[in-house]
Every structure is written in C-alpha cells, then in structure tokens.
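Quick notes on the structure that follows.
The values are calculated or read from the model by the stated rules, or taken from the named source; none is laboratory data. Note that the structure is a prediction, hence the values are computed from the model and not measured. All Cβ positions, even for glycine, are placed from backbone atoms using ideal geometry, and neighbour counts span all protein chains on display. Surface accessibility is based on the protein's heavy atoms, side chains included, excluding ligands, DNA and RNA. Shrake-Rupley method; radii C 1.70, N 1.55, O 1.52, S 1.80 Å.
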Amino acid sequence: MKQFVYFLTIILASTACQGSGQSRITYVPDTAALSKAFEAYRETTIVHRRFKHADIEPLILKREGAGVFEVTQLGISVLKKPIYQLKYGVGAKKVMLWSQMHGNEPTATMALMDIFNFLEGRDDGMDSIRNVLKTQTSLYFIPMLNPDGADVYTRRNAMDIDLNRDARAGETVEGRLLTQAAKTVQPDFGFNLHDMNIYYNVPGTSNPVTIALLAPAYNEKRDINEVRGNAMKIAVSINRILQGYVPNGVAKYDDTYSPRGFGDNFQSWGTSTVLIESGGYRGDPEKQFIRKLNFIVILNSLIEIAQGSYRQYDIAEYETMPFSASQLSDLVLRHVRVARDSMNYKIDLSINRYEQTDDRDYYIRSSIADVGDLQEIYGYDELDAEGYHFMQGEVYPGIFDGIGEISPEQAMEFLRQGYYAVQVANVPENRHHQLPLVVFNQRKPIATGPVLGGAANFFLARDGRPTYAVINGYLIDLSTDKPPEGLKNYVW
C-alpha cells in the first residue's frame, strides 16, 4: 500500500472534469524520481557509443526464462547476427520501440538497456509504475535492428542500404523483419529511435538540438488524423520534460513525407509513431547525458500511454515547436585577418571535426567547412579573433624516435615557437594520441591557407607571434601550459 500511495501522490493526480461529473487522470511527471531511477538502473557494462552486437546480446539473452520479459529471436541480419525482440507486459495497449536501425545511432539502445534493468527492479518505491505498465501495456522492444552496421559503426546495413528507406521496397532482411513484427503485433504506438548529427541548432540560437522530435506525416499533405495527433500529444509531453533539462534545446525534425520511411509508414498503418532523434550536447561526446534523457522521456511516455494521460496535451503546442536548423559547427573563428596574394582581408572560418571509426574507438580528421561572412553560423566553441591574423605553421626540423619522447608541455612549447607538426621514426601500435600536434611518420603534412576544405592546422598570431593554435580542428590557447583534455588525434 505504501508503494501505491507513492505512485499516486508523486506521479499522478486526479481531477474532476467540469460539468461531466467524471474523473480523469492528469499525469504529473516526476522527473526527479525518473532521474534517480536512471542512476540506479543504468547498465554499467556500456559506457561508450561504439559497443557492438556481442556487447548487448548477453544483456538480452540473460533475460530468457527470467519471468519478466519474453525474448524472441525475430531473425538474423545479412551477416547472420540474431535480431531480438523483448516483450514486457500483458496489457491491451501495444507499443513497439525499435532502435539502431542505423548502426551508428546507438544512444537509444543504451537507454533501452537501462529501461530493461528498471523493469526488472523491485521494492524501490516504483513498483506501481512497473505494475501499471505491465497491466495496461504490452511493450515490444527491438533494441538493435542493424547489428551489422553497429559492429562497424556505420549507418547502412551490410547490403549498403539505408534501412529507414526500405519500408516500401522491403529488400533488406532487417527491414522485412521490422515490417513483419509490425504486422504481427499491430502496435497502437511506436517509437522510432535514432541519432542525428550534432550540427543541428535551434533556429536563431547557438544551442545544439539535443533531441529532435517528430510525429511523422502519413501522407504528402501532412494531414493530422487521430493517429498522428496522438503522436503529437506524446511529443508535447516529451518536450515539456526536456525543457527542464535542456532549455531551448529541443526542436522538430523535418516532417517532409517520405513514402520509403518506416516512421511515415508506421503512421499510415495506424500506429501513433514518435520519432526521437538524439543530437548534440556540449561536453557530452559519448552521449551519456543524452542517454539519460532518452531513459526519462521514453519511460515517461510509456507511463502516459498506460494511463491515457497523453490525451491532455494540445496539438497546437506541438505546432509551436521550431524545426531544426543546420547552422552549427565545432569551431567558429570570427574576424580573422588574412594576408594572401597581395590582398589583405578579414574573414570568418567554421571548422568541423569528423569522427573516423577505429574498431571501438575513433580519431578526428578536421577541415575548414566554410569561409567568409558567417554571422548566421554558430560554433560549439567560438573565438572573436579581431586583431589576430592567420599564420601558417612549420614542421619541427628534428625527428623523434617515438611519440613517448614528447611531453604535453613540450608540445605546447613547440606550438608557441610556430611548429604545428612533428615526425616520429617509429609508429606506435596504438596510433591514437592526445598531443596538441600533428604527428606523422613518413608523409610530411603540407600547411594550407584559409581555404574551403583545407586542413584545420594553423595559428592565430598577434604581432607575428602565435597566440592560439588550431590543431586538427581543436582550438588551443597558447597562454596556458597544458593542452585541453580529450583530444582525439592520430599518428599519420
């Protein structure tokens, strides 16, 4: 009884409908309780984005026969990896959730592992939540639809087809499995769980879109029927919660109708479908904070569906959410003075750092993404370089035996002297490094000017002396003794 009282007083409040004499339930999300639940049930074996099918398969199979989930193998991928479905609950409201149909979009998969742990919990004051989900809903989870793509951290499957553009043609084995699962279950609600690139921003701001939401269109006119309207109401609920964590960090995803897309087709099949796209958040390269947000909003949405309380939200509120813009870069340098070809002029530079997957890790290759008047472009990091001029760097004349001979402090001193690259005679087995230098073995790098697509390795100088260095797209303040942490560089 104590747990039931907790659930009613903390999670739900009952109000009377005026004039009807009937009682309706108004849902009051307890985000503090859900946040605490995430910390308690977070799957500790997964701490980075580049996990593989072999990492989550044991987390799925250990639940076979345990009495909480029904585990079913739906089929196998192109490269013969099992694809699983986990079912929870016996209720009439059927919900299907699928993640990682793009192999390099793993954030929601992490959150689903956490939700599985939560649903198996007990005696923590939240059993009433589990009970209402169990009795009112039947939840069908497909936590990694594209295991082949996940294993090499790429978007497409082993047939080189985008699964999310295969709903109509049905040529991929994984796409057919999802379609068949939908036909078998005939879900009332669906959650299409994705990641998007980190360069989307909330229009008119430098805020990254941490999570984008969408109730996909079911036809070209983007009409709103009851099915799509219910998805919009759930999106409103999600947005309200997220504004408490990432104020002005949520937007809508592009709602252009795609007859090939699974979300659009699920909507047309009568499943109220919500797209959740995990984007970017400053200081969260492994998306662990965004993982937490996924846990909270997905679990909250399932409770809303179980209670029917999503109906309280207004579709008009969904329409007021802005659509994502794409005006964000990793680094923006403003008002850089350039002397080139007998000309002297001032420009802005935007720089992007692109991840290159290396098994379970990655390194960065950066380039200048745009040049010119970039007032409407924002950066995760920005510097007003008024008074500074673009300066090319030089390669240090000596050769080091190995990268271990160079300390971070020595690397900073090289930068202050105008050297941006060093050569090593021996290539380490692990080529990843965090030195603020371009490190190479044989192929000498060539310094480039401030040109579109050029390597982002140069200096910002004042009075002919380097003051800032940009190494592989990272901005480094040379007035400090230690380089920034978390550099993802590589020995070339």
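From the list Val332, Val338, Val371, exactly one residue is open to solvent by less than 20 Å² (accessible area, probe 1.4 Å), touching a residue at least 24 places away in the same chain (Cβ under 8 Å), under 12 Å from Pro450 (Cβ atoms) and of a type in the set (A, V, I, L, M). Which is it?
Val338
Within the stretch 426-476, the only residue that satisfies the criterion of being small (Gly, Ala, Ser), open to solvent by 30 Å² or more (accessible area, probe 1.4 Å) and in contact with a His (Cβ under 9 Å, 6 or more places away or on another chain) is Gly464. In the set Tyr318, Tyr281, only one residue is in contact (Cβ under 8 Å) with a residue 24 or more places away in the chain and under 30 Å from Val132 (Cβ atoms); that residue is Tyr318. Residues of the stretch 106-132 that are open to solvent by less than 10 Å² (accessible area, probe 1.4 Å) and small (Gly, Ala, Ser): Ala108, Ala111. Residues considered: Leu133, Leu79. Of these, the only one that is in a loop (DSSP other than H, G, I, E, B) and over 22 Å from Asn265 (Cβ atoms) is Leu79. Checking every residue in the stretch 178-196 against the condition of being free of Cβ contacts under 8 Å to residues at least 40 places away in the same chain, charged (D, E, K, R) and either open to solvent by less than 10 Å² (accessible area, probe 1.4 Å) or over 29 Å from His48 (Cα atoms) (or both) gives at least one match.
Counting only residues that are of a type in the set (Gly, Ala, Ser) and within 16 Å of Gln186 (Cβ to Cβ), which one in the stretch 77-94 is surrounded by the most Cβ atoms within 10 Å (Cβ to Cβ)? Walk me through it before giving the result.
To start, the set of residues in the stretch 77-94 that are of a type in the set (Gly, Ala, Ser) comprises 77, 89, 91-92.
If we keep only those that are within 16 Å of Gln186 (Cβ to Cβ) as well, we get 89, 91-92.
Values: Gly89: 25, Gly91: 17, Ala92: 10.
Out of the qualifying residues, it is Gly89.
With respect to being closer than 29 Å to Lys81 by Cα, open to solvent by less than 10 Å² (accessible area, probe 1.4 Å) and not hydroxyl-bearing (Ser, Thr, Tyr), Ile161 falls outside the description. What do you reckon, is Tyr318 buried (at least 21 other Cβ atoms within 10 Å of the Cβ) and of a type outside the set (D, E, K, R)? Yes: the conditions hold for Tyr318.
Taking the criterion of being surrounded by 13 or more Cβ atoms within 10 Å (Cβ to Cβ), touching a residue at least 24 places away in the same chain (Cβ under 8 Å) and of a type in the set (A, V, I, L, M), the residues of the stretch 60-76 that qualify are Ile60, Val68, Leu74, Ile76.
Can you name the residue in the stretch 385-413 that is of a type in the set (S, T, N, Q) and assigned to a loop (DSSP other than H, G, I, E, B) and is also most open to solvent (accessible area, probe 1.4 Å) among such residues? Checked the stretch 385-413; the qualifying residue most open to solvent (accessible area, probe 1.4 Å) is Gln392.
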